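Worksheet: the structure to be examined is printed underneath.
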Amino acid sequence: QARRPPAQVCVHARGRGVAGPPRPAMPMAAARGVPQGLSRHCAAVLPVRFPCGPQAPGLGACGGDAAAVPLHLLLCRARGHSDWSARVGDAETMSVLWGHLEKATAQDAARGRGKPARGAPRAGLSEASDALQPEDDSRRRLLNAFVAELPELLQQGACVETALRLPMRDAGAERAVKRLVLALSRHLERADYPDLAPSDLAQLPLLLQRLQLQDHALFDGFCAACGRSWSKFTKEQLSLLLRSTEDYGLLHPTGGPALARLVAALCGDLAGSGEAPRPSDLDALTRAALDVRSSGLRAPLLESLRAKVEALDVASLTDFSAAVPALHAAAELGATTGLSPSTLGPLLEAACAALGRSAVDDDALDEHGASIVRACSRAYRTAPSATEALLDALLERLGTGGLASLFDAPTARHALAAGRGLPGALRLRLGERAAPGAASKEAVPGLRPEAATIWLGLLHDLPSIAPSTARSAELSAVVAALVERILAASQDAPPPPSALCLAFLAASGLRSEGAADLAERALQALDGQWSHLRASDVKVLFRTTGDAKEVARRAYANFGQLADVRTMLAVLKADVGEGGSSAPRAAKAHLLKGIALLSSSKELSAAEAALRQWPAGLGEEAEALRRELLAAARARLFEARVSAPLAGGKRPPRGFLLYVQACAARARAALQACIEAPSDEATLAPSDAITAPAAAAPVAPVVKESNDEPDSGARGVAWHRGVGGWEVKVEVQGRKVLGGYFKPLDKSAEEVERARVAALECHRSLEFKHYNRISA
């Protein structure tokens, strides 16, 4: 770009009816965050004028009537963004050009001159649509812009994310794909190139799966790069990395699937790293490993993490932000792989000691409070005494008041929301602090509905496991008051259906006076919200300790209002599992209709899996119903898969991808030859060796040799470099007809000439067959 002057092209925004010339154009290259190269591409694709001023909504920051509007700001505001995001990369602006504005204009025209989408000016969208006609090469310019800005996108860490949004199936995508794969190969395999950013590495398996590249050397470099830099990843990036690699269909004859090779690289780094990883990194990698579906593939990584956690120096974990992640990782690994009490106990004591220090601020407590609660729920069975002491220390730091004051503490909400998974004994200790007596129910009317819902999830089943009858009566009164608070809030603004389902479950489990009336009111409050229920809410409803027939009756009465097929199947499965009567005919008809209307293969697969997981031994009628629904789901799933668009349409042709792999292999071989060449010369001529200490020389570029391919002397017979022989073709009515390939036995001149003569004879026979003539 330094060889060419910056583009002085700008989109002028001039109000309607404003006389006089516009203000001088501001160079688009001077706009914040937009390189000059893409500014030229943007101006070449969309050299139009947009109206601006007080009458143009959504563009208040553009200035007056004759203000010059930077194009990237205009497009971001048309899309609804407040400012330009450099993380997305400049190809985002180009994608807005050919994608979003065209779609918004089409929707605007279909609505019949309705309100413009996202407040974008109507005239600007119309002119943008006129500029993006089918015969225009805007997509080709988009791909060219991506190729031009590829080095900058690699530096920003937004290269792979941007490439996943590119139109790979277009005719001009081959050049972009080739440049992208070769650039990634250089960064992954060459030591003189910097490693890819964690954001690019995390999404690279998605790109490889989309292109269906089968380059094992490239993937080995990717695994090595991940092994070196996994500690720089966030928890979300690590989870995306492992899950996307699990879905990558690459199989090595000895290394196994792609995830097994990546796990081996991570385990090698964990075993061979000189300094111990940070506890926060171990915790993030543990959580990401537990997100992997295959327990067999993640087992070696969990074992390596367990060895690292056991080797931690507990005495050095004096900081609260280091002790809690170490404890959480140990608790997760203990629940999965089994961790000895001698390891988990000292970590619980270290976290309790760090929590008792006054140096812990509210931000750290808010960040790690939920992790402490989850660790307590998993470590209680292994070390109950130390777990109870840690929970008491946490509650002491969160607050000393009752229900309202404890929840209103600024650091307590996340911890209390995670406490629903605590064992009953620990939730009883929590109830002792939050509701110490019968007078605690007087504080319930002052709770907000969301606070009452969280407390109800913590206390709803404690009356049945209370150690004494008096304590059970006190907890029952508090639970009834929480249910009453949720039902009272439903009169003003309806609470979420999950809160009403939880209220019914809690009320149906009470043995106090008026509990049946509370359960009936909770079911009545659900009558208008059955369409918002999910499958998990249905499972909560049928967990009632009372009679589930009333729940089934109301569910079948509102069966047609249920949102999706999975919710319908949850109702049917729960009713059949409870020993209820066969489903009404109308309910079965609704379910068959819902299956027939599904078009997503993912939803149909989930419905088919739910039908396969029905409990066995439920009777002939239930089994006949299951077989009928399963047959309908599988038939519809087959139709959806057959009618789905081919996956090959989302990427370049398979032959071109094989060519790209061959180019990467040739570049790899040339690099290896350049690295090995100096050592060979030193061996052959030791007297000419350089005695002075020399620095690492840069890798010499690979120079393409001149075209020394043989010439046949006849049109239609040419040397094929890939085959290494003569290719015979004739053109018949605009189509190429292949005659065959004639490959010499060796590279001698006699064999090449013999193959050429045979190819010329084949060409003459083809011409005689199709043209009824013989060429001279």
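What the table below lists for this structure:
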quantity: Residues of the range 237-258 satisfying the condition of being open to solvent by 20 Å² or more (accessible area, probe 1.4 Å) and either in contact with a strand residue (DSSP E or B) (Cβ under 9 Å, 6 or more places away or on another chain) or closer than 20 Å to Glu161 by Cβ (or both); calculated: Gln237, Leu240, Arg243, Glu246, Asp247, Gly249, Leu251, Pro257
quantity: Selected residue [touching a Pro at 6+ places or on another chain (Cβ under 8 Å), modelled with pLDDT of 85 or more and buried (at least 18 other Cβ atoms within 10 Å of the Cβ)] from Val483, Val479; calculated: Val479
quantity: Extreme residue, farthest from the chain's Cα centre (by Cα), among residues of the range 542-581 that are at pLDDT 85 or above, over 30 Å from Ser601 (Cβ atoms) and of a type outside the set (Lys, Arg); calculated: Glu550
quantity: Count - residues of the range 302-328 that are touching a Ser or Thr at 6+ places or on another chain (Cβ under 9 Å) and either of a type outside the set (Lys, Arg) or at pLDDT below 90 (or both); calculated: 14
quantity: Residue check, Ser605 at pLDDT 85 or above, out of contact with any strand residue (DSSP E or B) (no Cβ under 6 Å at 6 or more places or on another chain), in a loop (DSSP other than H, G, I, E, B) and not β-branched (Val, Ile, Thr); calculated: no
quantity: Any hit, the range 267-281, residues being open to solvent by less than 50 Å² (accessible area, probe 1.4 Å) and more than 17 Å from Ala311 (Cα to Cα); calculated: no
quantity: Residue in the range 681-697 that is open to solvent by less than 60 Å² (accessible area, probe 1.4 Å), within 46 Å of the chain's Cα centre (by Cα), modelled with pLDDT under 75 and among the hydrophobic types (A, V, I, L, M, F, W, C) present; calculated: no
quantity: Any hit, the range 625-633, residues being of a type outside the set (S, T, N, Q), open to solvent by less than 60 Å² (accessible area, probe 1.4 Å) and not in a helix (DSSP H, G or I); calculated: no
quantity: Among the residues listed as Arg293, Arg261, the single one being under 26 Å from Gly221 (Cα atoms) and in contact with a strand residue (DSSP E or B) (Cβ under 8 Å, 6 or more places away or on another chain); calculated: Arg261
quantity: Candidates Glu161, Glu149, Glu189 - the one that is under 13 Å from Asp200 (Cα atoms), in contact with an Asp or Glu (Cβ under 9 Å, 6 or more places away or on another chain) and of a type outside the set (Phe, Trp, Tyr); calculated: Glu161
quantity: Residue within the range 645-663 that is open to solvent by 60 Å² or more (accessible area, probe 1.4 Å), touching a helix residue (DSSP H, G or I) at 6+ places or on another chain (Cβ under 7 Å) and at pLDDT below 80 present; calculated: yes
quantity: Looking only at the range 619-633, and only at residues there that are within 17 Å of His590 (Cα to Cα) and of a type in the set (D, E, K, R), the one that is modelled with the lowest pLDDT; calculated: Arg626
quantity: Long-range neighbours under 7 Å by Cβ, at least six apart or interchain, first residue open to solvent by 60 Å² or more (accessible area, probe 1.4 Å) within the range 413-424, second modelled with pLDDT under 75; calculated: Arg413/Phe407
quantity: The range 305-327, residues that are under 19 Å from Cys267 (Cβ atoms) and either open to solvent by 50 Å² or more (accessible area, probe 1.4 Å) or free of Cβ contacts under 8 Å to residues at least 24 places away in the same chain (or both); calculated: Arg306, Ala307, Glu310, Ala311
quantity: In the range 264-304, the residues that are closer than 12 Å to Leu238 by Cβ and either aliphatic (A, V, I, L, M) or free of Cβ contacts under 8 Å to residues at least 24 places away in the same chain (or both); calculated: Leu266, Leu282, Ala284, Leu285, Ala288, Ala289, Leu290, Val292, Leu301
quantity: Positions within the range 391-400 being surrounded by 20 or more Cβ atoms within 10 Å (Cβ to Cβ) and closer than 11 Å to Leu426 by Cα, in sequence order; calculated: Leu391
quantity: Filtered residues of the range 278-310 (kept if farther than 30 Å from Asp363 by Cβ and either among the aliphatic types (A, V, I, L, M) or assigned to a loop (DSSP other than H, G, I, E, B) (or both)); calculated: Val292, Arg293, Ser294, Leu297, Ala299, Leu301, Leu302, Ala307
quantity: Candidate set: the range 721-737, residues that are of a type outside the set (Lys, Arg) and modelled with pLDDT of 90 or more; chosen: the one nearest to Ala662 (Cα to Cα); calculated: Gly725
quantity: Residue selected from the range 329-382 under the condition in contact with a Lys or Arg (Cβ under 6 Å, 6 or more places away or on another chain) and open to solvent by 10 Å² or more (accessible area, probe 1.4 Å), by the criterion modelled with the highest pLDDT; calculated: Ala335
quantity: Residue list for the range 425-471, filter: free of Cβ contacts under 8 Å to residues at least 40 places away in the same chain and assigned to a loop (DSSP other than H, G, I, E, B); calculated: Pro436, Gly437, Arg448, Ala466, Pro467, Ser468
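Residues checked against (1) acidic (Asp, Glu); (2) buried (at least 20 other Cβ atoms within 10 Å of the Cβ); (3) at pLDDT 90 or above:
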| position | (1), (2), (3) |
| --- | --- |
| Arg140 | no, no, no |
| Val147 | no, no, no |
| Ala171 | no, no, no |
| Arg175 | no, no, no |
| Leu180 | no, yes, yes |
| Ala183 | no, no, yes |
| Arg186 | no, no, yes |
| Tyr193 | no, no, no |
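The values are calculated or read from the model by the stated rules, or taken from the named source; none is laboratory data. None of these values were measured; they are calculated from a predicted model. Don't worry about glycine lacking a Cβ; one is built from the backbone with ideal geometry, like all the others, and counts go over all protein chains shown. Accessible surface is based on the protein model in full, side chains and every heavy atom, while ligands, DNA and RNA are left aside. Shrake-Rupley method; radii C 1.70, N 1.55, O 1.52, S 1.80 Å.
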